[in-house]
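Report on the following structure.
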Amino acid sequence: MHTRRILVFSGNAHPVLATGICDYLDIELGDATIKRFPDGELNVKVSEDVRGADAFVVQPTCDPVNENLMELLLLIDCLKRASADRVTAVLPYYGYARKDRKDEGRVPITAKLVANLITSAGADRVLAIDLHASQIQGFFDIPFDHLCAAGSLSRPFMESRITDLVVVSPDVGSIKLARAYAERLGAGLAVVDKRRISPDAIETGFLIGEVKGRNVLIVDDIIATGGSVCEAAQMLRNRGANSVQVAATHPVLCGPAIERLGAAAIDRLTVTDTIPLSEAAHELPVLCVSVANLIGEAIKRIHFNESVSSLFT
Ligand code: R5P
């Protein structure tokens, strides 16, 4: 008989999402506190019995990424040492994912180091959503469930039944994602040729596909400085697009992003809550779709040893 309890814990990164997941699972959020010692070191304490439990730690490693990562590692270590039967690291957003290879000499592969740290801390499994590079799953030698937010994110567009819709990938890297949206929404597909000049500067080149007189939806996994989607939006307007919307899973929104998005030719931005939105972001024409139920359902299936694969696509 299955007697293990599900326990869900949260660091300081996104307790609202963790609470939403608990609501879906109809359980209370696990009792953990994260304080600081006088010298700034983190002081983590789980205040309930976890022995034999199936524990899940919900912690997107968004800004402040190093703090949030360290909290995640300490919570995993704490739960293992307190005899939780199994600990799953739930990373709605996997920070450092863009450093997944050596693209020049003498640089680290930080996404792999993060994988090593999570495994060394004692995680038995990992659950994440829309990794920047899905091969990061292979950086782990423990089970990794990789969820896809396209189902949740495309729902508002299915409901609004936009006519003459073209889904646009803002770069070649996101073509697969864009195709998934286009198939789901019965829309056309176009691709922008993007070149990154510096970490926060983008240049657009060719457009493959037709957008004149059409309603376009740019899809991406991440909006960081906003350069990619804002440059693409401007290009598509210049090419005669009727309306321009953007859908992205992870609203990192750093540096000049809010200012850029506010000034961009974008009618509406749809994102998920894998990362909490800042107050300033709420000033934008933004719709935030929650992934709490998606993660909650995945946790339930993992706990009961049911297939999670239908949530991958
Ligand atoms: C790039 O490969 C990603 O899919 C995103 O397009 C990129 O990370 C977004 O960054 P930014 O908003 O700074 O252009």
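The values are calculated or read from the model by the stated rules, or taken from the named source; none is laboratory data. Keep in mind the model is a prediction, meaning the values are calculated, not measured. Ideal geometry is used to build each Cβ from the backbone, glycine not excepted, and the neighbour counts take in all protein chains shown.
Numbers below:
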{"item": "Any chance Glu306 is surrounded by fewer than 16 Cβ atoms within 10 Å (Cβ to Cβ), farther than 18 Å from Tyr93 by Cβ, without any contact (Cβ under 8 Å) to a residue 12 or more places away in the chain and of a type outside the set (S, T, N, Q)", "result": "yes"}
{"item": "Qualifying residue in the range 171-191 (condition: touching a residue at least 24 places away in the same chain (Cβ under 8 Å), assigned to a strand (DSSP E or B), surrounded by fewer than 24 Cβ atoms within 10 Å (Cβ to Cβ) and near the ligand (Cβ under 10 Å from one of its atoms))", "result": "no"}
{"item": "Whichever residue in the range 82-101 is at pLDDT 95 or above and over 17 Å from Phe140 (Cβ atoms) and, among such residues, is farthest from the ligand (Cβ to nearest atom)", "result": "Ser83"}
{"item": "Residue list for the range 145-170, filter: outside any helix (DSSP H, G or I), out of contact with any Asp or Glu (no Cβ under 9 Å at 6 or more places or on another chain) and closer than 30 Å to Asn305 by Cα", "result": "Asp145"}
{"item": "Candidates Val87, Val50, Val57 - the one that is within 21 Å of Ile302 (Cβ to Cβ), assigned by TED's automatic domain parsing to the domain that holds Leu113 and assigned to a loop (DSSP other than H, G, I, E, B)", "result": "Val50"}
{"item": "In the range 98-133, residue surrounded by the fewest Cβ atoms within 10 Å (Cβ to Cβ) [restricted to those that are of a type in the set (Val, Ile, Thr) and outside any helix (DSSP H, G or I)]", "result": "Val107"}
{"item": "Filtered residue count, the range 27-36, keeping only those that are part of a strand (DSSP E or B), under 27 Å from the mean Cα position of the chain (by Cα) and surrounded by fewer than 20 Cβ atoms within 10 Å (Cβ to Cβ)", "result": "3"}
{"item": "Residues being in a strand (DSSP E or B) and in contact with a Leu (Cβ under 7 Å, 6 or more places away or on another chain) - total across the range 194-216", "result": "2"}
{"item": "Residues located in the range 32-69, provided they are charged (D, E, K, R) and over 30 Å from Gly255 (Cα atoms)", "result": "Lys45, Glu48, Asp49, Arg51, Asp54"}
{"item": "Counted residues, the range 60-84 - those being under 17 Å from Cys22 (Cβ atoms) and either outside the structural domain of Ser120 (by TED's automatic domain parsing) or in a loop (DSSP other than H, G, I, E, B) (or both)", "result": "2"}
{"item": "Criterion: away from the ligand (no atom under 16 Å from the Cβ) and out of contact with any helix residue (DSSP H, G or I) (no Cβ under 9 Å at 6 or more places or on another chain) - qualifying residue of Asp141, Asp145, Asp164", "result": "Asp164"}
{"item": "Selection within the range 158-168 - more than 13 Å from Ala248 (Cβ to Cβ) and not polar (S, T, N, Q)", "result": "Met158, Glu159, Arg161, Ile162, Asp164, Leu165, Val166"}
{"item": "Qualifying positions in the range 37-67 - surrounded by fewer than 21 Cβ atoms within 10 Å (Cβ to Cβ) and within 23 Å of the chain's Cα centre (by Cα)", "result": "Asp63, Pro64, Val65, Asn66, Glu67"}
{"item": "Residue in the range 299-313 that is in the same structural domain as Asp23 (by TED's automatic domain parsing) and in contact with a Ser or Thr (Cβ under 7 Å, 6 or more places away or on another chain) present", "result": "yes"}
{"item": "Helices (runs of 4 or more DSSP H) completely within the range 219-309 that count 3 or more residues being within 28 Å of Arg86 (Cα to Cα), more than 16 Å from the ligand (Cβ to nearest atom) and under 13 Å from the mean Cα position of the chain (by Cα)", "result": "292-303"}
